[in-house]
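A quick write-up on the structure given underneath.
Throughout, read-outs are computed from the coordinates displayed, never taken from laboratory work. Keep in mind that this is a model prediction, so the values were computed, not measured. Neighbour counts are summed over all protein chains in view; Cβ atoms, including those assigned to glycine, are modelled from backbone coordinates with ideal geometry.
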Amino acid sequence: MIIKPKIRGFICITAHPDGCRQNVAEQIAYVQQQGVVAGAPKRVLVIGASTGYGLASRIVAAFGYQADTIGVYFERPEIDGKPASAGFYNACAFDEFAHQAGRISESINGDAFSDTIKQETIQRIQQKLGQVDLVIYSLASPRRTNPETGEVYKSVLKPVGEEFRSKTVNTDTGEVHEIVLPPANNEEIAATCKVMGGEDWERWIDQLLAAGVLAKGAQTYAYSYLGPKVTWPIYAQGTIGKAKEDLTRTAGVLNKKLEAIGGCAAISVNKAVVTQASSAIPVVPLYLSVLFKVMKQKNLHEGCIEQMYRLFASQFQQQRDELGRIRMDDRELQPDVQAEVEAIWPKITTENLKELTNYEDYTKEFLRLFGFGLDGVDYEQEVTLG
Ligand code: NAD
């Protein structure tokens with residue numbers, strides 16, 4: 001079949017295998033150009049390894065650290081003649097390239113929130129790596145099933161306390177309009193913390209520690225976002241921000257637990273980038289379109305792979321804030337960058353969207369997430385699905 005993008009709201013329901021492969025190949029090439037990081041961990045577990053920051057982390061681990069990796073993700077394979085999800089194709093391509101480079105690369109496709117997948121991962125570590133030195137926790141999910149009770153929690157993206165009015169862009173039509181988001185109730189805040197907070201990260205580390213598969217000095221990092229004033233009500237001060245506060249608290253708890261093996265835990269606050277998760281957050285796609293314009297003009301632009309290479313190359317020794325969080329969002333939050341974003345923001349309308357922002361680049365990057373628009377891929381070629 002010939003695979004074309006089919007966009008439904010903030011998601012593309014098709015993905016192109018060759019395009020996804022090319023996307024992974026380009027990220028690997030970027031890392032190879034930067035060079036190998038000496039003295040880095042050699043056995044790495046990435047939870048949420050198929051797209052976005054997790055995929056970039058795994059690529060830097062395998063090709064920048066020359067590490068063997070295990071990746072856990074939840075992706076749809078090809079079913080009933082329909083293409084797989086982009087993350088599925090990314091993970092297959094990653095395995096292929098990593099194997100070619102002589103690395104061990106094991107992939108586990110299933111629900112990371114379940115104890116079954118945690119135990120399967122532990123077994124795989126025991127069989128293939130013995131132990132791991134580094135655990136990256138990079139899940140972004142709309143729901144989580146509690147493995148003890150079977151209860152399903154659904155996360156929401158809402159402000160807390162009062163309603164939030166903002167401009168946003170409809171990514172289907174390119175129309176800039178106002179949205180009004182009602183505040184979350186307490187149940188919704190609690191559910192979002194259950195999904196995107198630290199409970200599952202702690203459960204992972206507890207089980208990995210208990211099984212003895214964390215090497216002496218093992219480190220673990222989870223990713224967070226804070227962002228600028230224009231997104232605070234929906235992000236940092238919203239339901240997802242509450243969950244991230246819980247994640248930060250968990251880093252402290254895990255740091256204590258890991259003392260026993262001389263290890264440590266921390267949060268890395270990363271910059272805003274185009275991923276499947278960030279595309280789903282109201283206001284963020286418009287903010288990203290402005291941010292791209294400003295950061296590209298200032299030669300400060302970074303995507304997932306550039307951010308993760310910078311983080312990993314420093315071996316997680318970038319500057320930290322008063323809460324002990326690594327701040328990879330330093331360039332995004334530079335006062336001169338945010339002053340320009342704030343100057344552009346009130347002026348944006350549907351008519352001047354393309355002129356005042358880099359909305360076109362945003363949409364191109366969005367399509368690239370699903371393997372569309374990559375150089376060197378023949379999109380008119382028939383694709384045989386398995
Ligand atoms: P993403 O949507 O690209 O990736 C999410 C990953 O989680 C995928 O590999 C997916 O397969 C996996 N996943 C989801 N549910 C799962 C489940 N039940 N079991 C196993 N795997 C599952 O998201 P992203 O934007 O890369 O986000 C990763 C982390 O980075 C999140 O914590 C996010 O808050 C953080 N972050 C993102 C941004 C941004 O702008 N995108 C900025 C800063 C921090």
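In table form, for the structure just shown:
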read-out	value
Length added when fully stretched, Thr350-Ala280, from 0.36 nm per residue minus Cα-Cα	23.2 nm
Förster-model FRET efficiency, 45 Å R0, Gln381 and Gln126, C-beta, rounded to 0.05	0.60
Nitroxide proxy distance, nm - points 7 Å out along Cα→Cβ at Asn146 and Lys296	4.6 nm
Neighbour net charge for Gln276 - beta-carbon separation under 15 angstrom, K R +1, D E -1	+3
Gyration tensor (alpha-carbon) shape descriptor, segment 70-159, a/c threshold 1.5	oblate
Simple spin-label estimate for Lys257 and Asp321 in nanometres, 7 Å along Cα-Cβ	2.4 nm
Three-way shape label, the chain, alpha-carbon gyration tensor, a/c 1.5	rounded
Difference of contour (0.36 nm per residue) and Cα-Cα distance, Ala211 to Asp80	43.3 nm
For Ser57, Ser50, Ser155, order by how many other beta-carbon atoms lie within 10 Å, fewest first	Ser155, Ser50, Ser57
Taking Trp201, Trp345, Trp232 and counting other C-beta atoms within 10 Å, the order from fewest to most	Trp232, Trp345, Trp201
Length-normalised contact order for segment 258-333 - Cα pairs under 8 Å, 6+ apart - percent	43 percent
Pair Ile7, Asn185: separation of 7 Å Cα→Cβ label points (nm)	3.4 nm
For Gly217, distant residues with modelled amide H under 5 Å away	Gly262, Gly263
For segment 205-239 and segment 153-181, distance of Cα centres in Å	25 Å
Magnitude of the charge dipole, segment 284-344, Cβ model with Lys/Arg +1 and Asp/Glu -1, debye to 20	180 debye
Ile189, Ile240, Ile59, Ile11 arranged by Cβ crowding within 10 Å, fewest neighbours leading	Ile11, Ile189, Ile240, Ile59
Positive-end residue of Thr357, Ala251, Gly81, charge dipole of the chain with Cβ unit charges	Ala251
Magnitude of the charge dipole, segment 270-386, Cβ model with Lys/Arg +1 and Asp/Glu -1, debye to 20	380 debye
222 nm mean residue ellipticity, helices alone, for the chain (DSSP H n ≥ 4; -39,500 (n - 2.57); rounded to 500)	-12000 deg cm²/dmol
Computed magnitude of the charge dipole of segment 7-368 (debye, nearest 20; Cβ of K, R +1, Cβ of D, E -1)	560 debye
Contact order relative to length of segment 7-368, as percent, for alpha carbon pairs under 8 angstrom and 6 or more apart	17 percent
Computed over segment 1-97: relative contact order in percent, which uses C-alpha pairs under 8 Å that are six or more apart	32 percent
